[in-house]
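Novice: I am attaching a structure below and will ask some questions about it afterwards.
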Amino acid sequence: MIQRLLPFLTLVVLFVALSIASPHFLTATNLSSVVRQTAVFNIMALGMTLVIISAGVDLSVGSILAMGGLMGTMAMSKGQPIFLGVAVGLATGAFFGFLNGLLITQLKISPFIVTLGTMGIVRGLALVVSNGLPVHEIPKDFSYLGEGTVVGVPFVLLLLVACALLVHFILENTKLGRYTFAIGSNTDAAVYAGIPVRFHTTAIYAICGLLTGLAGMIEASRLMTGQPTAGQGYELQAIAAVVIGGGSLRGGEGSVVGTLIGGFIMGLLANGCDLLGINPYVQQVIIGAVIILAVSVDELRKRRSV
């Protein structure tokens with residue numbers, strides 16, 4: 001029970017520690033900034049939650065985020081309305097997620113290898129399409145997606161809550177959710193039980209891509225530019241959020257609440273390092289160490305339960 005509560009306790013301790021360490025942490029401006037910064041990879045992490053529960057992994061989400069944001073902003077720069085540009089970004093993410101799922105299920109290759117390959121392919125395509133240049137000619141109103149507020153509440157927080165509720169509903173109240181846990185727990189048993197494993201695995205990766213496309217549009221809105229180099233390293237943060245929140249890389253375990261807690265832990269770590277003047281390179285070391293620690297705790301828990 002204590003191990004299940006460990007991510008939440010870690011978040012509370014980290015929040016209190018930063019409140020004491022920096023007088024600027026508890027300001028409305030800083031907390032709003034934390035929410036906006038973490039919303040991007042938290043939304044990505046929600047999609048990654050489905051993938052990891054199914055015993056998969058998606059290393060291409062950072063590249064898909066860049067491609068989604070790039071295609072959406074390119075559509076807007078050519079005169080298309082904002083809602084259509086956002087739809088293009090989401091569709092782009094869903095397409096590449098679907099492609100990942102298709103390659104994994106049809107070629108029967110490890111998700112690690114497939115998504116490692118598509119990570120390079122999609123990033124390369126983003127650079128080719130844009131000639132390596134960012135897209136700047138974007139409607140000013142597009143900034144509302146990443147920077148707007150509703151009654152003082154950041155709009156991206158409302159989007160994050162909506163996405164979290166949707167993914168939670170999928171996991172707890174649909175066949176896809178039940179089959180996701182079944183596939184992750186034992187793929188062979190799921191096949192023998194008559195579960196359409198290929199179809200549902202492809203659907204899982206498509207949903208992950210869709211949410212990543214949305215994250216890409218939010219990132220583009222915050223920066224007010226479509227960057228072909230955006231999202232580098234984001235895949236590690238998304239995976240870390242899921243694992244820190246109790247998800248298992250072996251599959252069959254994970255939750256939306258746990259992922260959100262893990263995502264905010266990552267966000268607070270990054271924000272705390274900035275406030276305390278810690279070198280950005282050292283931040284990468286800290287993130288890597290946190291990932292190893294989280295996986296180690298998960299392995300120890302599993303060994304004790306055997």
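What follows is calculated from the coordinates using simple rules that are stated; it is not laboratory data. None of the values given here were measured: they were computed from a predicted structure. In this analysis, Cβ positions are derived from the backbone assuming ideal geometry, glycine residues included, and neighbour counts consider all displayed protein chains.
Novice: Calculated FRET efficiency, ASN186 and LEU116, Cβ-Cβ r, R0 25 Å, to nearest 0.05?
Specialist: 0.50
Novice: Using only the Cα atoms of the chain, what are the Rg and Dmax in Å?
Specialist: So, for the chain, Rg and Dmax equal 18.9, 60 Å respectively.
Novice: Which of rounded, prolate or oblate describes the range 149-306 when judged by the alpha-carbon gyration tensor and an a/c cut-off of 1.5?
Specialist: Numbers: a/c = 2.04, a/b = 1.33, b/c = 1.53.
In terms of gyration-tensor shape, oblate.
Novice: Convert each backbone phi in the range 251-257 into a coupling constant with the Karplus relation 6.51 cos²θ - 1.76 cosθ + 1.60 (shift: θ = phi - 60°), then list the ³J(HN,Hα) values in order as whole Hz, x for Gly and Pro.
Specialist: x, x, 9, x, 8, 5, 4
Novice: What number, in percent, do you get for the relative contact order of the range 60-217 if the mean sequence gap of Cα pairs under 8 Å and at least 6 apart is divided by its residue count?
Specialist: Averaging sequence separation for qualifying contacts and normalising by length gives 44 percent for the range 60-217.
Novice: What distance in nm lies between label points placed 7 Å from Cα along the C-beta direction at GLU299 and ALA193?
Specialist: A separation of 2.8 nm, rounded to one decimal place.
Novice: Highest GNM mean-square fluctuation, the chain, Cα pairs closer than 10 Å: which of ILE244, ILE195, ILE104?
Specialist: Largest GNM mean-square fluctuation: ILE195.
Novice: Then there is this: Kindly put MET217, MET44 in sequence by how many other C-beta atoms sit within 10 Å of each C-beta, fewest to most. Show your work: numbers first, answer last.
Specialist: On the way: MET217 30, MET44 34.
Fewest-to-most ranking of MET217, MET44: MET217, MET44.
Novice: How large is ³J(HN,Hα) for each residue in the range 174-182, as worked out from phi by the Karplus curve 6.51 cos²θ - 1.76 cosθ + 1.60 (θ = phi - 60°), to whole Hz, x for Gly and Pro?
Specialist: For the range 174-182, the Karplus-derived couplings read 10, 4, 4, x, 5, 5, 4, 5, 5 Hz, x marking Gly and Pro.
Novice: Calculated FRET efficiency, ILE109 and ALA28, Cβ-Cβ r, R0 51 Å, to nearest 0.05?
Specialist: 0.60
Novice: Note down the nm distance, to one decimal, between modelled labels 7 Å out along Cα→Cβ at LEU276 and at VAL153.
Specialist: Going from the LEU276 label point to the VAL153 one covers 3.2 nm.
Novice: Let me ask you something else. Please report Rg (one decimal) and Dmax (integer) in Å for the Cα set of the range 28-182.
Specialist: 16.9, 50
Novice: Oh, and also: Please list log₁₀ I(q)/I(0) at q = 0.12, 0.16, 0.26, 0.28 Å⁻¹ for the range 1-69, using the Debye equation with identical point scatterers on the alpha-carbon positions.
Specialist: One equal scatterer on each Cα of the range 1-69 leads to -0.51, -0.82, -1.10, -1.15.
Novice: Rounded to whole Å and sorted largest first, list the principal axis extents of the Cα atoms in the range 141-204.
Specialist: 51, 20, 14
Novice: What's the FRET efficiency of ARG250 with SER77 using the Cβ-Cβ distance as r and R₀ = 30 Å, to the nearest 0.05? Can you show the working numbers first?
Specialist: Details: r = 44 Å, r/R0 = 1.46.
For ARG250 and SER77, the calculated efficiency is 0.10.
Novice: Per residue and in Å³, how big is the convex hull formed by the alpha-carbon atoms of the range 92-242?
Specialist: In the range 92-242, the Cα hull volume divided by residue count equals 124 Å³.
Novice: Right, another one. What full-extension length gain, to one decimal in nm, is calculated for GLN284 and LEU9 as 0.36 nm per residue of separation minus the Cα-Cα distance? Please list the in-between numbers first.
Specialist: Numbers: separation 275, 0.36 × 275 = 99.00 nm, distance 2.28 nm.
Using 0.36 nm per residue and subtracting the Cα-Cα distance, I get 96.7 nm.
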